[in-house]
Each structure stands twice: as C-alpha cells, then as structure tokens.
Amino acid sequence: MSEPILPDAPIAPGEPIAPAWEWDADEVRRIGHRVADLVADHLTTVSQKPVWQPYASTVPPADAGPVDVDEVLTEIGRHVLAYPFGNGHPRYAAWVNSPPHVLGAYAEALAAALNPSVAGGDHAAVHVEHEVVRVFRDLAGFPETGTGLLVSGGSMATLTAFAVARHRAAERHGIDVRRDGLAGRRFVVYLGTEGHGSARKAAELLGIGSANVRLIPADSDHRLRPDLLRREIVADRAAGAVPVAVMASAGTVNTGAIDPLAEIAEVCADHDVWLHVDGSYGGPAVLLLDEYAPVKAALSAVDSIALDPHKWLYAPVDAGLVLLKDRQLARDAFSLVPPYLRTDDEPWFSEFGFEQTRPFRALKIWAQLRHLGLDGYRRLIARDLAVAGRLAAVVAAEPGLELLAHGLSVVCFRYAGLTDEENRAVLTELNRTGRAFLAGTTVNGVFALRACVVNPRMGSADAEAVVDAVRAARAGI
C-alpha cells in the first residue's frame, strides 16, 4: 500500500492531480495477515485471561498522526484487545452478549471492504439482505407480502415497528401523523413490567410520551397478564385515548419469561391494536426449537417482531432485524418518495425505516446461516439451554443460594441469608476477581445475580466454576 500523497502546497488550477493512494496487493495481504494474527490470538487465548479487568491503559491520541500502519496495529493489540468487554470468555454470562463466530468477524471485514450503502439499488448487498429477511420472515410465518430490514438492534427494531403502528393508529383516526404530528390526541402503548425499556424510549421519541406507556403487571411466572391488558385498553378507549401498540416478549432479558402470545394476540385482535413481539433475545429459540412450537405458532398473528442475530445467533454487533407484516403500511410510514413517483420496481430499504445510509449488516448473518445451517443453530441454542439448566441445578444444590428464576437460558439467584447490599457486594467482588462475570438485576423485588448463557464457549465445567467463583466472592467480602 502506498502512503497517501499529501501535497505540500495548494493545488494550482489546471495542475495534474495524482490519486491520493493506490493499493498494492502484497501490502494489503501483509496487513491482512497481521490482522488475522491479532484476531486469532485474541479468540484462542481469551479463556486464559481474566474474564474482565478495568481499563489500565491510555488510548493513544487519535490526532497525533500520521503513524505507520504496523504501529497502529501494535497499539490496537496493546491498548484495545488487551481489555475486552468479556463476552468472548467461557465464564462470561452477564448481559445478552454472545461471542462472535469467527466467520462472522471476517465477513464483517469483507463487508467493510466493499463499503456499500445498502439503501437500495441493484448490487449484491441489497440482494443478500433480502435473502436474510426472507429466511426469518418464513420462520416467523409471515406472508410473502411482509417485509423487514436489518437495523442496529432490538431498540431500533422496536422504534421502527412503533413508528409504523403509530402511523396506522393515526390514519384510522383521520390524522396525518407525518404532517400534523399527534394532532392533540393522546396515544398510548402497552408493555409488561418485565418488558424491555426500548419500548418506553420509542414512545418518548415518537411523541407519545412516557406518561402514556401503560405497564401491565406480570403473573407469578413474570409474564404479562392478558386480562389486565384488556382492561387497560378498554379504559383508555373510554377516556378518548388512541391505543397504538402492545409490546409482548418472546423471552424477557430479565428472567427469560415468555409472555402468553396467543392470548395477547386475541386481545389485540379484539381491540384492533398493533402487536409487536420483542424476540431480540429469545426469538431464535422460539423460531428454531420444537419445544417452543406453540409460541412460534402465535407469531403468525402478530404485526411485527424484533430479532437480534447479534445475540443468540452469535453474529458480530451490530445486527438487529425488524419484521413487518404489512409491507405497504411500513412504506407509507417512512417513504419520502411521492406516490406519483413510485414504480413497480423493488422499493429501497430506506423506504421502510429511518436510515438512509445503511451498512452491509447482512453478509455476516448470511455467511453464518450458510455455514451452520438452521440445524446447526438448533444444536447450538439447545446446548446453551442445557448449560443454563446445569447452572440452575448447581445453584439449587449450593447451600445458601436461592434460585429465583430460570427461563430460557437466564438464571437468577442470590444468597438468601444476605441483604440486597450484601448480594451486590458479592457481585462486585465476583466481577472484580475476573474469575467470572455476571450481571445484577431485581426479581420479585429483591436484588439477584443474573446469568444469561448465549455462549457456545461455555460448558458445564464453566457453569460449575461460576458457582465456585460466587462462593469465593462471598467469602471475600
């Protein structure tokens, strides 16, 4: 690779201008090999290091260049790769962050080499994204007239779905929400108390407001109660409000609970309210495993679904997906192409969401699907569930530990004889030691240590080691 040609003086009018750089194939390969070495060293040695450690370095100043490319790569190894988030380690089970599949990591580099904008058009990245959307649309039982697009994650998927739901609700009340906003009407959305906070953020951004987010209490299994949902919708309608959407969960992040989707869908159908399902975490298990077939069957009755391939499909971040049953309504909610200019040609992805410049997110997902196949993913997810089951069993057998919740691959527990503050201290000490890394949460009103297994590197021995580390942390406070 040649060095950039930086002129010493302003370029005079009419003066020939040389290309700023040209790429030498051998140099590109040499740099690529160095990058591959860094990736390989990180992925193959991460289990030999602490799960997490505080950042004890200093990021070199970005504006102090130019710096030779080899020195930049050395700095990445020293100042970045040495202090990872932790999710590549076999004893990381905190938030819903999987380790990346190596093919996905390299596919991300290949996508970056092309560097397209996937707003639309007739180039490979667009066709790959359509294929990825088709796979998940078919798995969810959505019709061919449905659509979808890749977004940054579940939060943006929910915002996109709620925007379409708001458009539909406003249109049915004679409001042009794109032109006039909410026109003084009170719009309302509904979610369970265990639902993801992205629903509230979406409501705030869409002008609905957090005061108009109805939190529906959960049952003893942490699932949204359809009877209370129905009661709230009826009351809001009677008060002149406009119910916009319900967000149900196909696997909550907090406890792994799956809301009763069929009953919720019936309530939404009875009252003509949009039903959005947050499957960002649990969606892959629901879509792929036979044991969740009744839940999957209910998905054909919903209006939109959020999925995150960067969670339980092990794709590198970012890789979110929103599926929308009504293609035309989604286009009406976002497209800025006037109706008289629309053609029968394939609409651009940018007509179905907020982003105009869109990265090539689909390549890593497509590559991993091709490599692993749906059956491969079924085996990996079932294995994660088995590891979580082993962890729950070890917790239940450990003196002093209390198992508070176990849904999908989430396991929540605490020391029954300790206060909330003391349990928090156990978690802090556990994570500080680097022997394991868990998250904290609240279950049934008390503080809990929370593990979530979306990690093919984690085995039963690691699950047992996590509990050993918790026991040691308890002794260390």
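Computed from the coordinates by the stated procedures, all read-outs in this text should not be read as laboratory data. Please read these numbers as outputs of a predicted model, since none were measured by experiment. Every residue, glycine as well, gets a Cβ built from its backbone with ideal geometry; the counts of neighbours run over all protein chains shown.
Based on the mean of other Cβ atoms within 10 Å per residue, sort peptides 246-258, 310-322 so the most packed one is first. If you can, show how the numbers build up before the last one.
On the way: 246-258: 27.5, 310-322: 25.5.
Highest mean packing first, the order is 246-258, 310-322.
From the backbone phi of segment 240-247, what are the Karplus-calculated ³J(HN,Hα) couplings (6.51 cos²θ - 1.76 cosθ + 1.60, θ = phi - 60°) in whole Hz, Gly and Pro given as x?
Running phi through 6.51 cos²θ - 1.76 cosθ + 1.60 with θ = phi - 60° gives x, 7, 10, x, 9, 7, 10, 10 Hz.
If you take the beta carbon distance between Glu402 and Thr428 as r and set R0 to 25 Å, what does 1/(1 + (r/R0)^6) give as a FRET efficiency, to the nearest 0.05? Numbers along the way, then the final one.
Numbers: r = 19 Å, r/R0 = 0.76.
Computed FRET efficiency for Glu402 and Thr428: 0.85.
What is the set of long-range amide H partners of Gly320 at a cut-off below 5 Å, with H atoms built 1.01 Å from backbone N?
Val151, Ser152, Gly153
Reachable lysines from Lys49, Cα under 30 Å, same-chain residues fewer than 8 places away excluded?
Lys311, Lys364
Cβ neighbours within 10 Å, averaged per peptide: list 165-172, 220-227 in order, most packed at the top.
Working: 165-172: 21.0, 220-227: 17.9.
Those peptides, ordered most packed to least, come out 165-172, 220-227.
Students often check this: by mean Cβ neighbours within 10 Å, which of 323-331, 16-24, 231-239 ranks highest, and how do the rest follow?
On the way: 323-331: 21.0, 16-24: 8.9, 231-239: 14.4.
My ranking of the peptides, most packed first, is 323-331, 231-239, 16-24.
Please tell me the relative contact order of the chain in percent, rounded to the nearest whole number, where contacts are Cα pairs under 8 Å and at least six residues apart.
Relative contact order for the chain comes out at 20 percent.
Between Asp332 and Glu266, what length comes free when the chain is fully extended (0.36 nm per residue of separation minus the Cα-Cα distance, one decimal in nm)?
Stretched out fully, the Asp332 to Glu266 stretch lengthens by 21.2 nm.
Just need the Rg to Rh number for segment 248-384, please, alpha carbons only, Kirkwood Rh.
Looking at segment 248-384, the ratio lands at 1.01.
Name the residues whose placed amide hydrogens come within less than 5 Å of the amide hydrogen of Val242, ignoring near sequence neighbours (fewer than 5 apart) on the same chain.
Arg186, Phe187, Val188
So how compact is the chain: Cα radius of gyration and Dmax in angstrom?
Cα radius of gyration and Dmax of the chain are 24.7, 83 Å respectively.
For segment 214-231, take each phi angle, set θ = phi - 60°, evaluate the Karplus expression 6.51 cos²θ - 1.76 cosθ + 1.60, and give the result in whole Hz per residue in order, putting x for glycine and proline.
Here the 3J(HN,Hα) series is 8, 8, 8, x, 9, 7, 5, 9, 6, 10, 4, 8, x, 5, 6, 4, 4, 4 Hz.
Lysines within cross-link reach of Lys325: Cα-Cα under 20 Å, excluding same-chain residues under 8 positions apart?
Result set, ordered by chain and number: Lys296.
Write down Rg/Rh for segment 345-477, rounded to two decimals, with Rg from the C-alpha atoms and Rh from the Kirkwood relation over Cα pairs. Walk me through the intermediate numbers first.
On the way: Rg = 19.6 Å, Rh = 17.1 Å.
My calculation of the ratio gives 1.15.
Pop out the ³J(HN,Hα) list for segment 168-178 in order, Karplus 6.51 cos²θ - 1.76 cosθ + 1.60 with θ = phi - 60°, rounded to Hz; leave Gly and Pro as x.
Listing the rounded values in order: 5, 4, 5, 4, 6, 10, x, 10, 8, 5, 6 Hz.
Would you mind counting up the charge near Val295? Only other residues with Cβ under 12 Å from its Cβ, with Lys and Arg at +1 and Asp and Glu at -1.
Summing Lys/Arg as +1 and Asp/Glu as -1 gives -2.
Amide H of Ala439: which non-local residues (sequence gap of 5 or more, or other chain) have their own amide H closer than 5 Å, using H built in the peptide plane?
Arg450
Which distance in nm do the two modelled labels at Phe354 and Val67 give, with both placed 7 Å along the Cα-to-Cβ direction?
3.3
Tell me, what is a quarter of the convex hull surface for the C-alpha atoms of segment 97-193, in nm² with one decimal? The partial results should precede the final answer.
Working: hull surface 39.4 nm².
Dividing the Cα hull surface by four gives the mean projection, 9.8 nm².
At a temperature of 20 °C and a viscosity of 1.002 mPa s, determine how fast segment 400-475 diffuses translationally according to Stokes-Einstein, using the Kirkwood radius over alpha-carbon pairs as Rh; express D in µm²/s, rounded to the nearest whole number.
After rounding, the answer is 172 µm²/s.
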